[in-house]
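Every number in this text was worked out from the coordinates using simple rules, so none of it is lab data. Computed from a predicted structure; not experimentally measured. Backbone-built Cβ (ideal geometry, glycine too); neighbour counts: all protein chains shown.
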Amino acid sequence: MRGATLGKVLVTATAVAQMVGPYVFDFNETHIYNDSWPPHAKFHNAQTMSSGVALSIATLANLWRPGSGRVGVDAAAFAASTYWLSQLSAFFYPGTASVDPPGEDDWPQLKFTIPMLTVIGVGWFLARRGLAGTRQR
């Protein structure tokens, strides 16, 4: 069961970072208070920050709900990784850039996205392996 707990702690850490990180990096003059951004762009930035919080709450609820077992761990890992995977998908949309002005530091988000997805994957693996011998769902 020790591996299950370590795995849950790793996924929990990514959920907490996902709740706080967007507000640290986006609730400032580069995003929400950026006068050059049109209101609709700010709307979508705010939506993204709120989505990160909602996904984090879903992660924690699924992960720590009593008796959640493997199904809860799977749902938590899915919720935890959704924010980061959708961030990567932005690359494929026309006219997007990872920073303003475009090209100055291409995809600095990868410094966070790839490690976060890795920690979620390791946490999921450890939690699932730790629960393998139990009679939980």
*Please name whichever of 82, 41, 64 sits farthest to the positive end of the charge dipole of the chain, dipole taken about the Cα centre and charges placed at Cβ: Lys and Arg +1, Asp and Glu -1.*
64
*Sort largest first and round to whole Å: the equivalent ellipsoid semi-axes of segment 2-131, each the square root of five times a Cα gyration tensor eigenvalue.*
31, 15, 11
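Per residue of the chain, what 222 nm ellipticity follows from adding -39500 (n - 2.57) for every DSSP H run with n ≥ 4, rounded to the nearest 500? If you can, show how the numbers build up before the last one.
On the way: 4 runs with 94 residues, N = 137.
Calculated from helices alone, the mean residue ellipticity at 222 nm is -24000 deg cm²/dmol.
Mean separation of Cα pairs under 8 Å and 6+ residues apart, divided by the residue count of the chain: what relative contact order is that in percent?
On the way: 146 pairs, mean separation 54.2, N = 137.
Relative contact order comes out at 40 percent.
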*Local electrostatic count, residue 37, Cβ distance below 14 Å [Lys/Arg +1, Asp/Glu -1]*: -3
*Each residue of segment 49-54 in turn: what ³J(HN,Hα) in whole Hz from Karplus with 6.51, -1.76, 1.60 and θ = phi - 60°, glycine and Pro shown as x?*
4, 5, 4, x, 5, 4
*With label points built 7 Å along Cα→Cβ from the Cα atoms of residue 42 and residue 86, find their separation and express it in nm.*
2.1 nm
*Read phi for every residue in segment 74-84 and hand back ³J(HN,Hα) as whole Hz from Karplus 6.51 cos²θ - 1.76 cosθ + 1.60, θ = phi - 60°, with x for Gly and Pro.*
4, 5, 5, 5, 4, 4, 5, 8, 4, 4, 6
*Sorted by packing (mean other beta-carbon atoms within 10 Å per residue), highest first, where do 112-121, 94-103 land?*
112-121, 94-103
_Other-chain or far-sequence residues with amide H under 5 Å of residue 99's (modelled H)_ = 107
*How much net charge surrounds residue 59 when only the other residues with a Cβ under 12 Å from the Cβ of residue 59 are counted, with Lys and Arg +1 and Asp and Glu -1?*
+1
